[in-house]
Amino acid sequence: MALLEVNALKKHYPIHGGLFGAQTATVYAVDGVSFTVSAGETLSVVGESGCGKSTVGRAILRLTDPTDGEVFLDGQRIDQLSPGKMRQVRRRIQVVFQDPFSSLNPRQRVRDVLAEPIRNFGLAKGSELDDRVAALMDKVRLPRDAMKRFPHEFSGGQRQRIGIARALAPGSDLIICDEAVSALDVSVKAQIINLLSDLQDELGLALLFISHDLAIVEHLTHRVAVMYLGKIVELADRRSLFSNPRHPYTRALLSAVPVPDPLAKRDRIILKGDVPSPIDPPKGCRFHTRCPYVFDRCRVDEPLLLEKSPGQKAACHLDELPELHAVPI
Amino acid sequence: MSITYNGTGGVAADLPDVLPPVKKRGRVLTFIRRNPTLSAGGILLGLIVFMAIAAPILGTVDPTAIAPARRTRVPSALYWFGTDMLGRDVYSRTLYGARVSLIVGFAVAFLSSIIGMLIGVCAGYIRLVDTIIMRVMDGLMSIPSILLAIALMALTRGSVQNVVIAITVAEIPRVTRLVRGVVLSLREQPYVEAAVASGTRTPAVIFKHILPNTLAPIMVQATFICASAMITEAILSFIGAGTPPIIPSWGNIMAEGRALWQVKGYIVFFPAVFLSLTVLAVNLLGDGLRDMLDPRLAKRL
């Protein structure tokens, strides 16, 4: 059984306007997303800004209440728990945020940052608590005497390590990394990625890795979910997705990944236009306004996320994408 | 012929002082140099507070002692600030009047900050309460605070305590608005969400993560409230709606000197100067505090 199961998760934001604040429109931020994460596995959720990937993470964490759908942790349904019961579940699901500067309280010492989740769940106190905090510092490879310092005394990468240590503190099983390395320098990014995958091997953590950076994702993920306008368009294991994408959007995203060789010949797929507004998503396939292979059926009939080959699901009416050189740019 | 060695040929001459010598300043001097506004306000306010506390030993007489024989004397070596129309020593009255102004200023600043902070946190954190509280506060703010204070004083007996309450009620909405705004932006901060996600209970989130970060703007706002409360107290006393006439407050002294201000201007002049200096000191302190705590606050306050 999967550690985390997300079933048809939806998050809609009402827009109020007019004289009496009546609801005038709805933002379909996340519109029916389903996936599973097994213990010890990394699932990456990728997509461009505004596709709803962060909202998925926040809805699972109940930082925002999902509009519809189901979330199961180890078979227990957690999306409708009362705040008190949800608090108990939070011990197992933790989060690492994007901005290492605003994700730590400027007035708390590192020791207190790390001790807070342990105290919240009554896991340790006194000298045992000190030992646990020290062990966390070791795990994220920060010197133990840094515990007495305030967050502003650290660099971005070090702060992110503190953020990771906080997420590990209550002995969590699943960590949601919401763009956890996007704000860091390339070299620091690599360190944090390595740290995360080491921790995963060591502790058997499951990671839900939310990112817009496919190059980073390729390094640490087992499976990838590609989101577009609030829906998953492709869900596949890493190898199939990177070698043989089945959705035109995935292919366009992959072609945008920078390659370190300046002379490499590449077929870039430039998508035309902007992402449509999630207030009024296109009928039929949501990608049809920008898809190079669009045909009549795409405009009326919404494709389902179906298995195209073992371990690879895509929401596209095409069974095979045309050869890449045939793509009009 | 012998070679003489004068002993200096191989040694380079002393280097000229390229860099000016490092001046060593004490901590206090460095602080004053970096925060001139704060220091000026602090020192001035310190002097006034000292003056108010030490009034009995600064050559004053009983500020309420009436002596009709020596009324309306001009300032002299004997009566530094002159005497009023009842023969009371204006110097003594002004020094004792500082006590009333400072007590009212600090008490109003303290009370309205505490109460405003509690209401503001509730409004910022509980959506349902927010609408109700903020409409009430909007209502209170739509009445000019001086009129509100006059109305409240009209309902009660004139005393320092009632003046403090009346001005506090008028100032609470400002603090509430400020705190609510800060809380609304703080609760979206990732570290607050991280605290929620790591199982921190709501009261702990408020007291550990939100309140400590609202203190800086509240402290700055408190100094401005302190200054405006002193002025409001003087206005209330001046129009006879504040402290009872028997208490020497700056507003009372000025109100009593008003009838004679064209012939005996000093009766109004001295308390007015002290009031202005005190308000200036508190405002300088607030400006300096704001710059020291957070330069970005300048736009918000």
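A simple spin-label model places pseudo-atoms 7 Å from Cα toward Cβ; at A:Glu70 and A:Arg107 they are separated by 4.4 nm. A Förster radius of 45 Å combined with the Cβ-Cβ distance from A:Asp198 to B:Val136 puts the calculated FRET efficiency at roughly 0.20.
Note on A:Ser182/A:Glu320: beta-carbon distance plugged into 1/(1 + (r/R0)^6) with R0 of 41 Å gives a FRET efficiency of 0.80. Each of A:Gln191 and A:Ser309 was given a label point 7 Å from its Cα along the Cα-to-Cβ line. The distance between the two points is 3.9 nm. With a simple spin-label model that places each label point 7 Å from the Cα along the Cα-to-Cβ direction, the separation between A:Leu123 and B:Ala216 comes to 3.1 nm. Ignoring aspartates and glutamates fewer than eight residues from B:Lys208 along the same chain, the ones with Cα atoms less than 14 angstrom from its Cα are A:Asp112, A:Glu116, B:Glu193.
Taking segment B:73-104 and a reference point 7 angstrom along Cα→Cβ of B:Leu260, the backbone N atoms nearer than 11 Å belong to B:73-75, B:82-90.
Exposed loop sites were defined as trypsin sites (Lys or Arg not before Pro) in DSSP loop states (anything but H, G, I, E or B) carrying at most 11 other C-beta atoms within 10 Å; in chain B the longest segment without such a site runs B:158-301. The shape of segment A:191-254 can be summarised by an equivalent ellipsoid whose semi-axes, obtained from the alpha carbon gyration tensor, come to 23, 12, 11 Å from longest to shortest.
Across the cross-link table entries A:Lys231/A:Lys272; A:Lys53/A:Lys148; A:Lys85/A:Lys308; A:Lys53/A:Lys283, which are compared at the Cα atoms, the separations over 31 Å belong to A:Lys53/A:Lys148; A:Lys85/A:Lys308. Between the C-alpha center of segment B:28-80 and that of segment A:140-188 there is a gap of 55 Å.
Projecting the Cα atoms of A:Gln158, A:Val95, A:Val113 onto the dipole axis of segment A:58-190, where Lys and Arg carry +1 and Asp and Glu carry -1 at the beta carbon, places A:Val113 farthest toward the positive end.
Considering all different alpha carbon pairs of chain B, the Kirkwood hydrodynamic radius works out to 22.7 Å.
Working from the pairwise distances between different alpha carbons, so that the mean of 1/r is found and then inverted, what is the protein assembly as shown's Kirkwood radius in Å?
30.2
Per residue, the accessible area of chain A comes to 46 Å², computed with a 1.4 Å probe over protein heavy atoms only. Here the translational diffusion coefficient of segment A:118-198 follows from Stokes-Einstein with Rh set to the Kirkwood radius across Cα pairs; for 4 °C and 1.567 mPa s it amounts to 96 µm²/s. From its DSSP helices (H runs of at least four residues, each -39,500 (n - 2.57)), the protein assembly as shown gives a residue-normalised ellipticity at 222 nm of -14500 deg cm²/dmol.
How crowded by other chains is A:98-108, given as the mean number of beta carbons from other chains within 10 Å of each beta carbon? Display every interim value, and only then the final one.
Numbers: counts 1, 3, 1, 2, 7, 6, 4, 12, 4, 6, 5.
The mean count of partner-chain Cβ atoms within 10 Å per residue comes to 5.
Once the C-beta distance of A:Ser82 and B:Ala204 is scaled by a Förster radius of 25 Å, the resulting FRET efficiency is 0.90 to the nearest 0.05.
The values are calculated or read from the model by the stated rules, or taken from the named source; none is laboratory data. Note that the coordinates shown come from a computational prediction; the quantities given were computed from them, not determined experimentally. So basically every Cβ, Gly included, is an ideal-geometry build from the backbone, and we count neighbours across all protein chains shown. Areas reflect the complete protein model, heavy atoms only, side chains present, ligands, DNA and RNA absent. Shrake-Rupley method; radii C 1.70, N 1.55, O 1.52, S 1.80 Å.
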